[in-house]
1. Check Arg45, Arg66 and return the single one that is modelled with pLDDT of 95 or more and touching a Leu at 6+ places or on another chain (Cβ under 8 Å).
2. Could you tell me which residue of region 20-29 is farthest from the chain's Cα centre (by Cα), considering only residues that are free of Cβ contacts under 8 Å to residues at least 60 places away in the same chain and under 15 Å from Pro62 (Cα atoms)?
3. Can you tell me which residues in region 70-85 are in contact with a Gly (Cβ under 8 Å, 6 or more places away or on another chain), modelled with pLDDT of 95 or more and over 12 Å from Leu32 (Cα atoms)?
4. With respect to Gly52, determine if the residue is loosely packed, with under 11 Cβ neighbours inside 10 Å and at positive phi.
5. Among Arg34, Arg24, which is exposed (fewer than 14 other Cβ atoms within 10 Å of the Cβ) and either out of contact with any strand residue (DSSP E or B) (no Cβ under 7 Å at 6 or more places or on another chain) or under 18 Å from Cys87 (Cα atoms) (or both)?
6. Would you be able to say whether some residue in region 108-129 is at pLDDT 90 or above and part of a loop (DSSP other than H, G, I, E, B)?
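The values are calculated or read from the model by the stated rules, or taken from the named source; none is laboratory data. Worth saying up front: this structure is predicted, and the values here are computed from it rather than measured. Here the Cβ is made from the backbone with ideal geometry for all residues, glycine too, and neighbour counts use every protein chain on show.
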Amino acid sequence: MDKCRPVNAASLPEDRHSLTELRRGVITLAVLLRLRVETHGYAVRQALADFGLPLKEGTLYPLLKRLEEQGVIAGRLDHSGERPRRCYVLTPPGRSFLASLHAQWEQLTAVLEAIDRDAVYRPGRVPRLDAVS
């Protein structure tokens, strides 16, 4: 039986850094979930903050631009208000991409829940994480 080595607390990542790394992995999914209906960037930012996932403008707007360049979302200028706003919505390929990300998220969640419930590995009891790296 392998013995666990003691962990040097100084070698552990800072709590803030760990949270940033964890958040980075879910921000795209959260943004795409909000863009199933056409929404302007500020409303996406507000909604995510209301749900407990606040984003800085410097995080959201470059992400929106990248997703638009990749064809995952479509943007348009809305002139119906007092000032023009850029609105975004998922494209058909974006909907497929979201479905894939969401399925991967559910699979990751199932794996983590299984690990959390049973810290002792028993082959066949933990859901396999296929094609997700």
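1. It is Arg45.
2. Arg24
3. Gly71
4. yes
5. Values: Arg34 fails: exposed (fewer than 14 other Cβ atoms within 10 Å of the Cβ).
Exactly one of Arg34, Arg24 is exposed (fewer than 14 other Cβ atoms within 10 Å of the Cβ) and either out of contact with any strand residue (DSSP E or B) (no Cβ under 7 Å at 6 or more places or on another chain) or under 18 Å from Cys87 (Cα atoms) (or both), namely Arg24.
6. No.
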